[in-house]
Amino acid sequence: MVSTKGGSDDLLLKPERSAAHAIIGWFAGALIFGGVIGLVLHLSDIAELVSVLKATRPPWITAAISCQLCTYACAAAVWQMVTRRAGFRLRLSDLLRLAVMELFANQAIPTGGLSGSLLVARGLVRRRIPSSVAVTALLVAALSYYAAYCLMAALAFVLLWSTGDLNDAWAWLSILFAGIVTLITVCLVAVIVTKGRWIPRSFRRRALMAPIAKALAEVRTDMISDPKVLALTIIFQLAIFVLDATTLWFAVLSLGTSIGPSPAFIAFVLASVVATVSPIPLGLGSFEGGCVAVLHLLGVRIEVALAATLIFRGISFWMPMLPGMWLTHRETRADLGPSQYPDHEVF
C-alpha cells in the first residue's frame, strides 16, 4: 500500500492509460449517443419534441431528483452494513460523499467500475477502516448488486413476455446478459474463495494491483457468507433499481404522459441490460436507444420517450458530476497523511 499523499492519487485519477482509454471511450460513446439521438429525431418531429420538453412539470422533476438522492443513500447503506458487521461505525452522511464520488469516478474514468471502487476503498481506509474490511465491503456490494440485477432483469423479461412483446431479439439478449452476469459472478466468487491467489503473480506485482492483492489475501469471508449481511445488502441494491426505475417513471409523468410504473420499470431495466452487453463505456447511446425503444414499444409516443430518457440521464448521469468532482478533489487534497492513521495503510 502507499501513502495518501502523492503517488496513489496519480494512479487513481491521473493515469495516462486510463486517461487515453477514457477519452476513446467517451468519444465512441458520444458518437453512438449522437447517432441514436439523430435517428430518433429523424423518426420524430423536432418541433414536437421541443414542445414536449417545454411542458415539463417541475414537481415531478423534483420527485425524480429525490429518488436519485435516495439511491446514493442506499449505496452508502450497503457499505455501512458491512463496516458495522466488522465492528466499525461510520456516519451515513460521510458515506454519502463516497457514493457521489464513486459515481463521478466511474463516469469520468470508464473502467468497468474499478476506478470508483478504488476511490471508495481508499476513502474507507482513510476513515479508519482496515483495508481488508474495505475490500470486503466492495466485494459484498458487487455480489449483492449482481444478485439484485439478475432478479430485476428476470422480472423485467417476464413482464415483457406477459405483454406479448418478447420477440427473438429480446430472448437472445436475455441469454447473452445471463451469460455475462454469470461469468462476472463466478469470477467474483473465485476471487473471494481463493483470496486472490489465482491472480497471476506478475500481475499482482504491478503498482496498482499490489495493494489490492494484499487486501484480498485478508478478505473477511465470514462477512461475505453471512446470510443476514447478504440479504440486507441485496435489499438495498433492489431498492436502487426500483428508485432508478421510479426516476424514469417520474420523468415520463413530468411530460404530461400518464403511464403505469410497470412500463417505466421494464424500460429502465432492459435499457440497462442493453448497456451492459454493449461494449460502449457507460452505455452512452445504447442505454438511450434501448430505453426509447422499449418505452415506445409499450405505448409511449417517441418524442415523449426520448424527452423522458434525456431527463432521466440528465438527473442520474450528469447531475452528480459537478458535486462528485468537487468532493473527489476535496478528498484527495485533504490533509490525511499516514501520521493520522498509524495503524492502517491506504490504497
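Given the condition more than 15 Å from the chain's Cα centre (by Cα), in contact (Cβ under 8 Å) with a residue 40 or more places away in the chain and either part of a helix (DSSP H, G or I) or crowded, with 20+ Cβ neighbours inside 10 Å (or both), answer yes or no: does some residue in the stretch 139-151 qualify?
Taking the stretch 139-151 as the starting set, the residues that turn out to be more than 15 Å from the chain's Cα centre (by Cα) are 151.
Retained after the next criterion (residues that are in contact (Cβ under 8 Å) with a residue 40 or more places away in the chain): 151.
When the remaining residues are screened for being either part of a helix (DSSP H, G or I) or crowded, with 20+ Cβ neighbours inside 10 Å (or both), the result is 151.
For the stretch 139-151, residues more than 15 Å from the chain's Cα centre (by Cα), in contact (Cβ under 8 Å) with a residue 40 or more places away in the chain and either part of a helix (DSSP H, G or I) or crowded, with 20+ Cβ neighbours inside 10 Å (or both): present.
Answer with yes or no whether L255 is assigned to a helix (DSSP H, G or I) and either touching a strand residue (DSSP E or B) at 6+ places or on another chain (Cβ under 6 Å) or buried (at least 18 other Cβ atoms within 10 Å of the Cβ) (or both). I'd like the intermediate steps shown before the answer.
On the way: assigned to a helix (DSSP H, G or I): no; either touching a strand residue (DSSP E or B) at 6+ places or on another chain (Cβ under 6 Å) or buried (at least 18 other Cβ atoms within 10 Å of the Cβ) (or both): yes.
Judged against the criteria, L255 is not a match.
Residues are listed down the side, and each one gets a yes or a no for (1) open to solvent by less than 10 Å² (accessible area, probe 1.4 Å); (2) in a loop (DSSP other than H, G, I, E, B); (3) without any contact (Cβ under 8 Å) to a residue 60 or more places away in the chain; (4) more than 20 Å from I315 (Cβ to Cβ):
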| site | (1), (2), (3), (4) |
| --- | --- |
| T233 | yes, no, no, yes |
| L243 | no, no, no, no |
| I266 | yes, no, no, no |
| V269 | yes, no, no, no |
| A275 | no, no, yes, no |
| P279 | no, yes, yes, yes |
| G289 | no, no, no, no |
| V292 | yes, no, no, no |
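Only one of (1) of a type outside the set (D, E, K, R); (2) free of Cβ contacts under 8 Å to residues at least 12 places away in the same chain; (3) part of a loop (DSSP other than H, G, I, E, B) is not met by F88, so which one is it?
Failing condition for F88: (2).
For the stretch 45-61, does any single residue satisfy the condition of being touching a helix residue (DSSP H, G or I) at 6+ places or on another chain (Cβ under 6 Å), within 29 Å of V300 (Cβ to Cβ) and either at pLDDT 80 or above or not in a helix (DSSP H, G or I) (or both)? Walk me through it before giving the result.
Filtering the stretch 45-61 for residues touching a helix residue (DSSP H, G or I) at 6+ places or on another chain (Cβ under 6 Å) gives 48-49, 52-53, 60.
Next, only the ones that are within 29 Å of V300 (Cβ to Cβ) stay: 48-49, 52-53, 60.
Subset that is either at pLDDT 80 or above or not in a helix (DSSP H, G or I) (or both): 60.
Checked against the condition, which is being touching a helix residue (DSSP H, G or I) at 6+ places or on another chain (Cβ under 6 Å), within 29 Å of V300 (Cβ to Cβ) and either at pLDDT 80 or above or not in a helix (DSSP H, G or I) (or both), the stretch 45-61 yields at least one hit.
Test each condition in (1) in contact (Cβ under 8 Å) with a residue 40 or more places away in the chain; (2) assigned to a helix (DSSP H, G or I); (3) out of contact with any strand residue (DSSP E or B) (no Cβ under 9 Å at 6 or more places or on another chain) for S162 and report the one that comes out false.
Condition (1) is where S162 drops out.
Take L176 and decide whether it is in a helix (DSSP H, G or I), open to solvent by less than 50 Å² (accessible area, probe 1.4 Å) and of a type in the set (A, V, I, L, M). Before the answer, list the steps.
Numbers: in a helix (DSSP H, G or I): yes; open to solvent by less than 50 Å² (accessible area, probe 1.4 Å): no; of a type in the set (A, V, I, L, M): yes.
No, not satisfied.
Kindly indicate whether L119 is at pLDDT below 90, touching a Lys or Arg at 6+ places or on another chain (Cβ under 9 Å), crowded, with 20+ Cβ neighbours inside 10 Å and closer than 28 Å to H329 by Cβ.
Spelling it out, it is not the case that L119 is at pLDDT below 90, touching a Lys or Arg at 6+ places or on another chain (Cβ under 9 Å), crowded, with 20+ Cβ neighbours inside 10 Å and closer than 28 Å to H329 by Cβ.
The values are calculated or read from the model by the stated rules, or taken from the named source; none is laboratory data. Keep in mind that what you see is a predicted model, and the values were worked out from it rather than measured. Because the Cβ atoms are built from the backbone with ideal geometry, glycine has one as well, and the counts that use them run over all protein chains shown. Accessible surface areas use protein heavy atoms only, side chains included; no ligands, DNA or RNA. Shrake-Rupley method; radii C 1.70, N 1.55, O 1.52, S 1.80 Å.
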